Amino acid sequence: MDTLKRALKVWGKDAQMLQVIEEMSELTKEILKNVNRKKNNIAELIEETADVEIMLEQLKHCYQIHEQVEEYKTAKIMKIKKRLDEWESKK
Ligand SMILES: [Mg+2]
């Protein structure tokens, strides 16, 4: 994780936050190729998912929001679970 903090320090916030966007768009493209064009691009999906996760780590560090993101995720997953339980109980 120190390497990612270092990247932020060396290359700066603005450059790294633009990199977040670039990596998300690369992942978006690969998902579209897979779903719309039925492309076998698992290697690219792996690579771009890793790239996005790396950049999201930097984003959380940049804005000092690790804890809040974790809390929101926990609450959100609970909501999704509730919706799934309701959905499945209707069947
Ligand atoms: Mg990439």
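What follows draws every value from the coordinates through simple rules; no lab data is involved. These numbers come from a predicted model, not from an experiment. Neighbour counts run over all protein chains shown; Cβ positions are idealised from the backbone, glycine included.
The residue pairs whose first member lies in region 1-23 and is free of Cβ contacts under 8 Å to residues at least 60 places away in the same chain and under 11 Å from MET55 (Cα atoms), whose second member is outside any helix (DSSP H, G or I) and not aliphatic (A, V, I, L, M), and whose beta carbons are closer than 8 Å, counting only pairs six or more residues apart or on different chains, do not exist in this structure. The single condition among (1) of a type outside the set (A, V, I, L, M); (2) surrounded by 13 or more Cβ atoms within 10 Å (Cβ to Cβ); (3) away from the ligand (no atom under 15 Å from the Cβ) that GLU44 does not meet is (3). Among the residues of region 48-91, the ones that are of a type in the set (Ser, Thr, Tyr) and farther than 22 Å from MET17 by Cα come to 2 in all. Per the listing LYS29, LYS13, the residue uniquely surrounded by 11 or more Cβ atoms within 10 Å (Cβ to Cβ) and within 15 Å of the ligand (Cβ to nearest atom) is LYS29.
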